[in-house]
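Asker: Input: one structure, supplied below.
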Amino acid sequence: MNATIDNRSNLPHAVVSRIVHRVLDELEVNLSWVRVRVFETDHWHHHGHIYIRPGRSNCLIIARVPSVVSDHPHDRKMRGGPPPIVVKTWQEALVCILAHEGTHLRQFLHRPKRGGHTRFVRGKPVKVGPKIFSEVEAEWAEYRFLKSYRERRNR
Ligand SMILES: [Zn+2]
């Protein structure tokens with residue numbers, strides 16, 4: 001099964017495709033479900049986003065990959081999150097984006113079907129669904145995938 005890759009950058013398609021499939025495969029998400037659109041950005045830091053619409057049969061991951069990466073650590077200061085990481089190449093930036101957004105997709109696919117609670121807003125009951133997305137988990141995924149990507153490269 002393949003993800004659909006819409007490469008709108010000058011980055012080599014074969015390398016982009018290999019990274020996309022390797023990361024998403026390992027996250028065990030249904031690849032036929034995923035479209036990935038890749039842009040190059042002149043911003044130093046990578047940036048990703050995922051659009052998931054419940055009831056739709058696909059989702060879209062936007063990956064903005066810096067053509068020149070920063071040597072400043074990607075510091076998020078999130079409580080319980082991973083240590084800061086320094087991304088060294090565009091390939092590593094793409095690995096991080098896919099690990100992060102792919103984890104959000106996984107969280108969505110494995111979301112609890114019931115739960116949540118009722119909150120009162122100005123005296124009126126409002127149903128609040130179960131919490132689906134965890135930012136901390138997505139950031140740890142970036143950290144883990146980057147580490148294993150580097151280990152694989154250095155072997
Ligand atoms: Zn996130």
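The values are calculated or read from the model by the stated rules, or taken from the named source; none is laboratory data. These numbers come from a predicted model, not from an experiment. All Cβ positions, even for glycine, are placed from backbone atoms using ideal geometry, and neighbour counts span all protein chains on display.
Asker: Can you confirm whether Arg144 is closer than 18 Å to Asp25 by Cα and either modelled with pLDDT under 95 or out of contact with any strand residue (DSSP E or B) (no Cβ under 7 Å at 6 or more places or on another chain) (or both)?
Answerer: yes
Asker: Condition first: under 17 Å from the mean Cα position of the chain (by Cα) and within 13 Å of the ligand (Cβ to nearest atom). Can you find one or more residues in segment 83-90 that meet it?
Answerer: Taking every residue of segment 83-90 in turn, none turns out to be under 17 Å from the mean Cα position of the chain (by Cα) and within 13 Å of the ligand (Cβ to nearest atom).
Asker: If you don't mind, another one. Picking from His49, His100, which residue would you name as being part of a strand (DSSP E or B), surrounded by 13 or more Cβ atoms within 10 Å (Cβ to Cβ) and out of contact with any Phe, Trp or Tyr (no Cβ under 8 Å at 6 or more places or on another chain)? Working first, answer last.
Answerer: Values: His100 fails: part of a strand (DSSP E or B).
The match here is His49.
Asker: List pairs: first residue in segment 132-155 and in a helix (DSSP H, G or I), second residue of a type in the set (D, E, K, R) anywhere in the structure, Cβ distance under 8 angstrom, at least six positions apart or on different chains.
Answerer: Listed pairs, sorted by first residue: Val136/Arg79; Ala138/Glu101; Glu139/Arg76; Phe145/Glu26; Leu146/Glu92; Tyr149/Glu92; Arg150/Glu92.
Asker: Let me ask you something else. Going through Val15, Val69, Val36, Val20 one at a time, which residue ends up being over 19 Å from Arg150 (Cα atoms) and among the aliphatic types (A, V, I, L, M)? Spell out the reasoning first.
Answerer: Details: Val15 fails: over 19 Å from Arg150 (Cα atoms); Val69 fails: over 19 Å from Arg150 (Cα atoms); Val20 fails: over 19 Å from Arg150 (Cα atoms).
Exactly one of Val15, Val69, Val36, Val20 is over 19 Å from Arg150 (Cα atoms) and among the aliphatic types (A, V, I, L, M), namely Val36.
Asker: In the list Val87, Val65, Val95, which residue meets the criterion of being part of a strand (DSSP E or B) and either over 23 Å from Pro12 (Cα atoms) or touching a residue at least 40 places away in the same chain (Cβ under 8 Å) (or both)? Give the steps one after another, and end with the answer.
Answerer: Numbers: Val87 fails: part of a strand (DSSP E or B); Val95 fails: part of a strand (DSSP E or B).
One residue alone meets the criteria, Val65.
Asker: Checking the condition charged (D, E, K, R), within 22 Å of Arg144 (Cβ to Cβ), touching a helix residue (DSSP H, G or I) at 6+ places or on another chain (Cβ under 8 Å) and surrounded by fewer than 16 Cβ atoms within 10 Å (Cβ to Cβ), which residue from Glu26, Glu92 passes? Can you show your working first?
Answerer: Working: Glu92 fails: surrounded by fewer than 16 Cβ atoms within 10 Å (Cβ to Cβ).
Unique residue meeting the criteria: Glu26.
Asker: Moving on. Across segment 100-155, what is the number of residues that are more than 16 Å from the ligand (Cβ to nearest atom) and aromatic (Phe, Trp, Tyr)?
Answerer: So the answer is 2.
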